[in-house]
Structure formats: C-alpha cells, structure tokens
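Notes follow once the structure below has been shown.
What follows is calculated from the coordinates using simple rules that are stated; it is not laboratory data. The model shown is predicted, which means the values in this text are computed figures rather than measured ones. Every residue, glycine as well, gets a Cβ built from its backbone with ideal geometry; the counts of neighbours run over all protein chains shown.
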C-alpha cells in the first residue's frame, strides 16, 4: 500500500513543511524528507521499527538523527502535524499535545 503525504497547516499558523523547508540543517532536512517518502512507499507492516513508533492512539513518531516528525494515518494518507529538532534526550510532552490538537483540528476540518 502506498501512502500519500499531507502537511497539516494551522489557519494563519505554522506548518511542519515550513520547518522542513526553512531548516538551517539542509542535510538533516533532506534525510527527514527522504524518510517520509520511504514511509509513504512502504507498507505499514514493513516500516522500520528503529525509526518509527506509535506514541499515542493516533500519533506516530519518525526519528531521523536529531529531528522528530509527528504524524498520523488517515486512510491512505500520512498527515504530518509537527516536525522539530529534538534539543533534549526526551521529547517534551507539549510536542505530543500539539500533535494531538492538530489531529483533532484536522478531523474537524474534514468533517470526521
């Protein structure tokens, strides 16, 4: 199963694709984008467990070096809701909370 990729955007707010495109670490960004494309072209059962993990009922996390990408699956689509550079050994809870809020907002906007 191939997935399409969408980047969530807040009305008048930030978007994960802005982070990925404007990141001062172009090599790291290229790796992140490559991994997102890899996930999109790979069946879910074959996703590399050392790179991906489910962090809540809806949210998944992609780990690429010192970058983190939070996303969820909606049908045959990967919806990226947050991307950031991980400054500490542990991801802060507010990053997951933001991803959950964006998940809820996305579902409200599309009427689910």
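Is the shape of the range 4-110 best called rounded, prolate or oblate, per the rule: a/c under 1.5 gives rounded, else a/b larger than b/c gives prolate, else oblate, with a ≥ b ≥ c the square roots of the Cα gyration tensor eigenvalues?
The shape class here is rounded.
Rounded if a/c is under 1.5, else prolate if a/b beats b/c, else oblate: with a ≥ b ≥ c from the C-alpha gyration tensor eigenvalues square-rooted, which is the range 66-105?
Oblate is the answer for the range 66-105, as a/c is 1.5 or above yet b/c matches or exceeds a/b.
Would you mind ranking 70, 62, 33 so that the residue whose beta carbon has the fewest other beta carbons within 10 Å leads the list?
Fewest to most other Cβ atoms nearby, the residues stand as 33, 62, 70.
Taking Cα pairs under 8 Å and at least six residues apart, what relative contact order does the chain come out at, in percent?
29 percent.
For the residues 47, 60, what sequence is obtained by ranking on other C-beta atoms within 10 Å, fewest first?
47, 60
Return 4, 56 ranked ascending by Cβ neighbour count within 10 Å, so the fewest neighbours appear first.
With the fewest neighbours first, 4, 56 line up as 4, 56.
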